[in-house]
Amino acid sequence: SGRGVTQYVPPVALDWGKDGLDCGRRMFPDGLECLTPGGALLCGVGAGRAPKVADLLRNKGCGDVSMLSDYGGVERVVKGRKP
């Protein structure tokens, strides 16, 4: 049988909570703190979550926030830069 994403990704990274933002709320402050000015934070997200995650990054102070789509046109990655 094939291996699923759960064999490669920690469970905490897959559980974004009821509103789809719990993991980002925990991860983004520390992730942004680790970046130098102008550094980028990229986050893979589930289908339909990219706009909410992009708003969360903006609310945490990220600039240049954008969403990147997979080959099927689904927004799967959110990117933001530390000012």
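The values are calculated or read from the model by the stated rules, or taken from the named source; none is laboratory data. Quick caveat, the model's predicted, so the values are computed rather than measured. Here the Cβ positions follow ideal geometry from the backbone for every residue, glycine too, while neighbour counts run over all protein chains shown.
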- Message: One residue is enough: does the stretch 58-81 have a residue meeting the conditions in contact (Cβ under 8 Å) with a residue 40 or more places away in the chain and in a loop (DSSP other than H, G, I, E, B)?
- Response: no
- Matching entry among Asp55, Asp30 (being surrounded by fewer than 12 Cβ atoms within 10 Å (Cβ to Cβ), part of a helix (DSSP H, G or I) and free of Cβ contacts under 8 Å to residues at least 60 places away in the same chain): Asp30
- Item | From the options Leu35, Leu68, residue that is surrounded by 12 or more Cβ atoms within 10 Å (Cβ to Cβ), over 20 Å from Lys18 (Cβ atoms), at pLDDT 95 or above and of a type in the set (A, V, I, L, M) | Leu68
